[in-house]
1. Any residue at all in the range 62-83 that's among the acidic types (D, E) and either touching a residue at least 12 places away in the same chain (Cβ under 8 Å) or open to solvent by less than 10 Å² (accessible area, probe 1.4 Å) (or both)?
2. What are the pairs with Cβ atoms under 6 angstrom where one residue, in the range 40-59, is in contact (Cβ under 8 Å) with a residue 40 or more places away in the chain and the other, located anywhere, is of a type in the set (A, V, I, L, M, F, W, C) and open to solvent by 50 Å² or more (accessible area, probe 1.4 Å)? Sequence gap at least six, or different chains.
3. Going residue by residue through the range 99-109, is there one that turns out to be closer than 15 Å to M33 by Cβ, surrounded by fewer than 18 Cβ atoms within 10 Å (Cβ to Cβ), free of Cβ contacts under 8 Å to residues at least 24 places away in the same chain and of a type outside the set (V, I, T)?
4. Tell me the strands (runs of 3 or more DSSP E) entirely within the range 5-64 that contain at least 3 residues that are out of contact with any Leu (no Cβ under 7 Å at 6 or more places or on another chain) and at pLDDT 95 or above.
5. Within the range 76-124, work out how many residues are acidic (D, E) and outside any loop (DSSP other than H, G, I, E, B).
Amino acid sequence: VQLQASGGGLVQAGGSLRLSCAASGRTFSSHDMGWFRQPPGKEREFVAVSRWSGGSTYADSVKGRFTISRDNAKNTVYLQMNSLRPEDTAVYYCTAAGRRYGSGSPLVKAYDYWGQGTQVTVSS
């Protein structure tokens with residue numbers, strides 16, 4: 001199984017980016033898929049999850065600015081990031097749960113598959 005993330009880059013504060021994560025080797029339509037991030041010098045933290053059953057959950061810090069979506073036909077999850085702030089600077093990781101029918105957990109340990117990470121840098 002591989003998760004390939006793309007779409008990161010350098011953007012000014014207030015700008016937008018769209019991250020994509022394409023999965024291969026397994027179908028994830030019945031699995032939660034999400035995004036975490038790791039700011040410089042900090043631990044990996046939850047950003048958003050798209051539940052297998054529909055619906056999504058967001059970290060408070062990104063609520064109202066970020067939108068997660070998925071295309072099960074393409075086995076792909078997206079993260080639309082608007083109104084970016086310097087504190088959003090981090091390496092962003094996409095992830096997928098190994099078990100089906102999850103509950104949209106915000107915990108790192110709930111996920112089994114991880115992408116390689118894509119850098120997002122927001123300048124002030």
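The values are calculated or read from the model by the stated rules, or taken from the named source; none is laboratory data. Computed from a predicted structure; not experimentally measured. Cβ coordinates were reconstructed from backbone atoms using ideal geometry, including for glycine residues, and neighbour counts include every protein chain displayed. To get the accessible areas, we keep the full protein, side chains included, count just its heavy atoms, and leave off ligands, DNA and RNA. Shrake-Rupley method; radii C 1.70, N 1.55, O 1.52, S 1.80 Å.
1. No, the range 62-83 has no match at all.
2. That search, which allows pairs on different chains as well, returns R44/V108.
3. Checking the range 99-109: not a single residue is closer than 15 Å to M33 by Cβ, surrounded by fewer than 18 Cβ atoms within 10 Å (Cβ to Cβ), free of Cβ contacts under 8 Å to residues at least 24 places away in the same chain and of a type outside the set (V, I, T).
4. Working: elements: 9-12, 17-24, 33-38, 45-50, 56-58.
Once the strands (runs of 3 or more DSSP E) in the range 5-64 are filtered for at least 3 residues that are out of contact with any Leu (no Cβ under 7 Å at 6 or more places or on another chain) and at pLDDT 95 or above, what remains is 17-24, 33-38, 45-50, 56-58.
5. The qualifying residues number 2.
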